[in-house]
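**Student:** Input: one structure, supplied below.
The values are calculated or read from the model by the stated rules, or taken from the named source; none is laboratory data. Please read all numbers here as calculations on a predicted model, not as lab measurements. In this analysis, Cβ positions are derived from the backbone assuming ideal geometry, glycine residues included, and neighbour counts consider all displayed protein chains. Just so you know, the surface numbers come from the protein's heavy atoms only, side chains and all, with ligands and any DNA or RNA stripped out. Shrake-Rupley method; radii C 1.70, N 1.55, O 1.52, S 1.80 Å.
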Amino acid sequence: MNAYVINHFGKNPKYLEYEMYFLKNLRKYTELDIIYMYSKYDTPNFFINKLKKLNINLKFVAYNDDEITINIKSKFISKYKHFNTLRTCNFIFAYLLTEYNKICIVESDMYILKSIDDIFNLNTPSVLYTMNKGSIQKDNTNYKLNLDLKDMINNCYKGTPINGGLLLIEPSKEKYRLCIKKINEIIKNNCAFPNETLFLISNPECYNLPVMYNFLHYYFNNFRNFDDIRLIHYNNTIYKPLDIIKDNYMDKLDNKINKEIINSYYKNIYLMYRNEIQKIL
């Protein structure tokens, strides 16, 4: 049995809105379990109540990240000012879902074009390797990564060679305990993308996630060269697809292909669920 996990922390209602559209989009393409994992520390109860009104058979799992990724004694400088990036390491709580064979951890700043359920046939753990931007057509296989982990942790303040927006893992309490120990290295080295570095140093043997399962918006100029893009990810952007459509930010986009893709795909998602979600919110 396999499942999808989306991880939440914080009180910002904007993220709740992103999540609602994404979860409706995901449920359209899967009958597998979808688990909403959330921090007990600061997730408002009304977030959970509103998500239940979506009626998409979500499962809710709370966790306690206090003194693990928040309220820690050591100093950590977040790359982003609007939230503590160390909390992205909360993906580790998905390792405790040992009733499942594999878990696919997803984020809300993406949208699905067709089913990604066959992702569970891939090797684990898998994550998108992003250093082949010039030849991503050749990078659509689940090959084993060969990374220098020592160099990676020493230079993690600069960034990582992966994108952690989608992670494919096998649950394991042992792996969870390992991650808890490794978080100290993340804090000590002030990693720019803590979740990505933690994933790599906790999984010295891992595999490339085929780009069709995590097609970054950076790759749009190659969009028409792919026959089977499953998912588009708007990582590291000021305006997410929901903002662009809902708040009329289309004129702020300078990429013609980006505009075409949002109008062709995400606009349909927004129009399909807008009335229902606005009524819940």
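**Student:** Name all residues of the range 168-199 having a backbone nitrogen under 19 Å from the label point set 7 Å from the Cα of Met131 along its Cα→Cβ direction, giving them as ranges.
**Tutor:** What the label zone holds, given the 19 Å backbone N cut-off, is 191-199.
**Student:** Now a separate question. Taking all protein chains together and a probe of 1.4 Å, list Asp118, Asp109, Asp227 from the most accessible to the least accessible. Write down the numbers at each step before the final one.
**Tutor:** Working: Asp118 60, Asp109 20, Asp227 150 Å².
The ordering from most to least exposed comes out as Asp227, Asp118, Asp109.
**Student:** In the chain, which cysteines lack any other cysteine Cβ under 4.7 Å from their own?
**Tutor:** Cysteines of the chain left without a disulfide-compatible partner: Cys89, Cys104, Cys179, Cys206.
**Student:** List, largest first, the extents of the alpha carbons of the range 151-242 along their principal axes, each in whole Å.
**Tutor:** The Cα atoms of the range 151-242 stretch 43, 28, 27 Å along the principal axes, largest first.
**Student:** Work out Dmax and Rg for the range 101-209 from the C-alpha atoms and quote the Rg first, both in angstrom.
**Tutor:** 14.0, 41
**Student:** Here's something else I'd like to know. If you line up the Cα atoms of the range 30-118 on their principal axes, what length do they span on each, largest first, in Å?
**Tutor:** 42, 29, 27
**Student:** On to the next question. In whole Å, what is the distance between the alpha-carbon centres of the range 62-108 and the range 266-281?
**Tutor:** Their Cα centres are 28 Å away from one another.
**Student:** In whole angstrom, how long is each semi-axis of the equivalent ellipsoid of the range 142-195, when you take the square root of 5 times every eigenvalue of its Cα gyration tensor and sort them from largest down?
**Tutor:** Values: eigenvalues 69, 55, 23 Å².
After diagonalising the Cα gyration tensor, the semi-axes are 19, 17, 11 Å.
**Student:** Let me ask something else. Plugging the Kirkwood radius over Cα pairs into Stokes-Einstein for the range 202-266, at a temperature of 10 °C and a viscosity of 1.306 mPa s, what D comes out in µm²/s? Write out the running numbers ahead of the final one.
**Tutor:** Values: Rh = 13.1 Å.
Stokes-Einstein gives a translational diffusion coefficient of 121 µm²/s.
**Student:** Trypsin sites (Lys or Arg not before Pro) within the range 150-190: which are DSSP loop residues with at most 13 other Cβ atoms inside 10 Å?
**Tutor:** Within the range 150-190, the qualifying trypsin sites (Lys or Arg not before Pro) (loop, at most 13 other Cβ atoms within 10 Å) are Lys158.
**Student:** A follow-up question, please. What Rg and what Dmax come out for the range 5-74 when only alpha-carbon atoms are used, in angstroms?
**Tutor:** Considering the range 5-74 through its Cα atoms, Rg and Dmax are 12.9, 43 Å.
**Student:** Also, quick follow-up: Within the chain, what's the longest run with no GluC sites (Glu not before Pro) in a DSSP loop and at most 11 other beta-carbon atoms within 10 Å? Give the range, please. Don't skip to the end; give the middle numbers.
**Tutor:** Values: sites that count: Glu31, Glu67, Glu99, Glu205.
After excluding every exposed loop site, the longest remaining stretch is 100-204.
**Student:** Given bins 10 angstrom wide, list per bin the percent of all Cα-Cα distances in the chain, short to long.
**Tutor:** 6, 29, 38, 24, 4, 0
**Student:** Need the list of lysines near Lys181 for cross-linking: C-alpha distance under 29 angstrom, and skip anything on the same chain fewer than eight residues off.
**Tutor:** Answer for Lys181, where 29 Å is the Cα cut-off: Lys11, Lys40, Lys59, Lys73, Lys75, Lys79, Lys81, Lys102, Lys144, Lys150, Lys158, Lys173, listed by chain and number.
**Student:** Which trypsin sites (Lys or Arg not before Pro) does the range 12-43 hold that lie in a coil by DSSP with at most 14 other beta carbons within 10 Å? Walk me through the numbers before you get to the answer.
**Tutor:** Numbers: sites: Lys14, Lys24, Arg27, Lys28, Lys40; in loops: Lys40.
Hits after loop and neighbour filter: Lys40.
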